[in-house]
1. Which residue is surrounded by the fewest Cβ atoms within 10 Å (Cβ to Cβ), if the candidates are limited to the range 98-157 and must be among the hydroxyl-bearing types (S, T, Y) and part of a loop (DSSP other than H, G, I, E, B)?
2. Inspect the range 160-173 for any residue being surrounded by fewer than 14 Cβ atoms within 10 Å (Cβ to Cβ) and more than 19 Å from A206 (Cβ to Cβ) and give the result as yes or no.
3. Could you say whether any residue in the range 187-210 is in contact with a Pro (Cβ under 7 Å, 6 or more places away or on another chain), under 24 Å from F49 (Cα atoms) and of a type outside the set (A, V, I, L, M, F, W, C)?
4. State which residue pairs qualify: first residue in contact (Cβ under 8 Å) with a residue 40 or more places away in the chain and among the charged types (D, E, K, R) and inside the range 163-180, second residue surrounded by fewer than 22 Cβ atoms within 10 Å (Cβ to Cβ) and assigned to a strand (DSSP E or B) in any location, beta carbons under 6 Å apart, and separation of 6 or more residues or different chains.
5. From L111, L122, L66, L80, which residue is touching a residue at least 24 places away in the same chain (Cβ under 8 Å), among the hydrophobic types (A, V, I, L, M, F, W, C) and within 22 Å of D228 (Cα to Cα)?
6. Just one of the numbered conditions (1) small (G, A, S); (2) within 23 Å of L126 (Cα to Cα); (3) modelled with pLDDT of 95 or more; (4) out of contact with any Phe, Trp or Tyr (no Cβ under 9 Å at 6 or more places or on another chain) is not true of G205; which one?
7. Only one of R99, R55, R93 is under 14 Å from A211 (Cα atoms) and either in contact (Cβ under 8 Å) with a residue 40 or more places away in the chain or not aromatic (F, W, Y) (or both); which?
8. Looking only at the range 163-189, filter to residues that are part of a helix (DSSP H, G or I) and more than 14 Å from the chain's Cα centre (by Cα); which one of those is modelled with the highest pLDDT?
Amino acid sequence: MAADPLASLSSSPGAPLVVATGVSMRYGQGELATGVLHALDFEAHAGEFVVILGRSGSGKSTLLNLLGGMDLPQRGRIRLGGDELTQMNEEARARFRRRAVGFVFQSFNLLPTLTAAENLALPLALNGRADPRRVSVMCERLGLAGREDRFPDQLSGGEQQRVAIGRALIHAPQLVLADEPTGNLDAETSTQVLRLFNELVRDSGATLIMATHSSEPQALADRVLQLDHGRLRELA
């Protein structure tokens, strides 16, 4: 069994936290195979907010899944801090994700049988760090005080995404990955949620990588990259 890599996540001063080198992914077989990522290189530093733009099907979600250790590339290497995700087995990557990575999805992905507070508490419980006080403070920061005991179907879309954001951050991950986090929200709610998301991530010091079709997050980001034909290029 691979050693648990979580204790050595921090990178050396000035070094990137996330590094992908020569990453390639193809789907399908033979002549029907489709290349999504082609010898892609990418890096992000601690505390940085990076937006990745790209059309539907360009490989944005695939890239986020690789950076978070959900999948492994067919070629190339991915390093988070001092650890090579591409050298870990599935069990080690699962432990790594649980403690070092937070995910925010377009569809919220809240557990419908858990209240808002219980959804927030889940990452702490999975890591053996139950902390009701931390959950209560997060509810306040999310603007959900008084709604902690509501189930997801009793919350608005904006409130559900606030819970999802809090769940991604509550265990203090060093990397947060967001895949179209405001895609199911109206324009006004989207703006409010994005501003809150940016504030919470900046305060936490986490690195945020957000894949989106929307131009709105660009104004908040440190860098904006375009994913096109399997490679990334930085936008001016």
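1. That would be T113.
2. There is no residue in the range 160-173 that is surrounded by fewer than 14 Cβ atoms within 10 Å (Cβ to Cβ) and more than 19 Å from A206 (Cβ to Cβ).
3. No, the conditions are met nowhere in the range 187-210.
4. Going by the 6 Å Cβ cut-off, the qualifying pairs are D179/F105.
5. Matching residue, one of L111, L122, L66, L80: L66.
6. All conditions pass for G205, except number (3).
7. R55
8. The selected residue is V163.
The values are calculated or read from the model by the stated rules, or taken from the named source; none is laboratory data. Predicted model, so just to flag it, every value in this text is computed and none were measured. A quick note on method: Cβ atoms are made from the backbone with ideal geometry, for glycine too, and the neighbour counts reach across all protein chains shown.
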